[in-house]
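Colleague: Please see the structure below; I have some questions.
The values are calculated or read from the model by the stated rules, or taken from the named source; none is laboratory data. Only a predicted model underlies this, so the values are computations on that prediction, with no experimental measurement involved. Backbone-built Cβ (ideal geometry, glycine too); neighbour counts: all protein chains shown. Surface areas here come from the heavy atoms of the whole protein model, side chains and all, with no ligands, DNA or RNA. Shrake-Rupley method; radii C 1.70, N 1.55, O 1.52, S 1.80 Å.
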Amino acid sequence: LMIDYAKQRARTVVFSTHDRLHGLALADDVVSLIDGRPVMAPLINLFHGRVRDSHFETGKIVIHLPQDVRQGSHASVDPAEIVLSTSPLASSIRNSFPGRVVMIAEEAGRVRISVDAGEKFHALITEESLKDLELHLGKTVWVNFKATAIKIF
């Protein structure tokens with residue numbers, strides 16, 4: 001409805017929501033706010049916690065950060081930066097968490113996989129990857145991402 005309204009009238013529509021996925025699905029451009037200030041990070045994988053000794057602690061998991069990160073209370077990981085695997089990876093990736101697939105959904109030509117790994121992670125993969133990894137609800141997978149993929153604010 002909103003999309004049709006904006007197109008038919010050649011107008012810009014400003015839409016506010018607390019549902020990040022809904023906002024991303026509807027909008028061409030998204031401005032995310034934390035504590036009333038715009039942040040330049042995707043807020044799909046948004047975690048609350050604290051930075052301590054080059055780690056971000058959520059109370060459920062500990063995320064490795066680059067050495068120069070000293071403070072912040074929110075961490076975000078772009079879903080496109082997450083690599084899923086069916087076993088632990090031998091690589092330079094510093095963050096690797098085993099978890100269970102809890103949701104599989106089609107999204108704009110890709111597949112969104114939600115994994116409960118202590119915290120809930122959302123990853124975007126291709127349909128080919130979905131088939132190759134033989135992913136299904138309940139399957140154990142590893143959520144992997146580099147320390148440099150984390151945005152702290």
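Colleague: Could you go through region 45-66 and let me know if any residue there is under 24 Å from residue 31 (Cβ atoms) and among the polar types (S, T, N, Q).
Modeller: Within region 45-66 (the criterion being under 24 Å from residue 31 (Cβ atoms) and among the polar types (S, T, N, Q)), the answer is yes, since at least one residue qualifies.
Colleague: Every residue in region 100-124 that is out of contact with any Lys or Arg (no Cβ under 6 Å at 6 or more places or on another chain), farther than 13 Å from residue 80 by Cα and outside any loop (DSSP other than H, G, I, E, B), please.
Modeller: Scanning region 100-124 gives 100, 102, 103, 104, 106, 115, 120.
Colleague: Are any residues in region 74-92 in contact (Cβ under 8 Å) with a residue 40 or more places away in the chain and either open to solvent by 40 Å² or more (accessible area, probe 1.4 Å) or of a type in the set (Ser, Thr, Tyr) (or both), and if so, which ones?
Modeller: Selection gives 76, 78, 80, 81, 83, 85, 86, 87, 88, 89, 91, 92.
Colleague: Here are some conditions: (1) surrounded by fewer than 17 Cβ atoms within 10 Å (Cβ to Cβ); (2) of a type in the set (Lys, Arg); (3) under 24 Å from residue 29 (Cβ atoms). Residue 131 meets all but one. Which one does it not meet?
Modeller: If we test residue 131 against (1) surrounded by fewer than 17 Cβ atoms within 10 Å (Cβ to Cβ); (2) of a type in the set (Lys, Arg); (3) under 24 Å from residue 29 (Cβ atoms), just (3) comes out false.
Residue by residue, here is whether (1) free of Cβ contacts under 8 Å to residues at least 12 places away in the same chain; (2) open to solvent by less than 70 Å² (accessible area, probe 1.4 Å); (3) under 23 Å from residue 33 (Cα atoms) holds:
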residue: 57; (1), (2), (3): yes, yes, yes
residue: 65; (1), (2), (3): no, yes, yes
residue: 94; (1), (2), (3): no, no, no
residue: 99; (1), (2), (3): no, yes, no
residue: 115; (1), (2), (3): no, yes, no
residue: 121; (1), (2), (3): no, yes, yes
residue: 140; (1), (2), (3): no, no, no
residue: 143; (1), (2), (3): no, yes, no
residue: 153; (1), (2), (3): no, yes, yes
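Colleague: Given 46, 33, which one is modelled with pLDDT under 95, loosely packed, with under 14 Cβ neighbours inside 10 Å, of a type outside the set (D, E, K, R) and in a strand (DSSP E or B)?
Modeller: When all the criteria are applied, what remains is 33.
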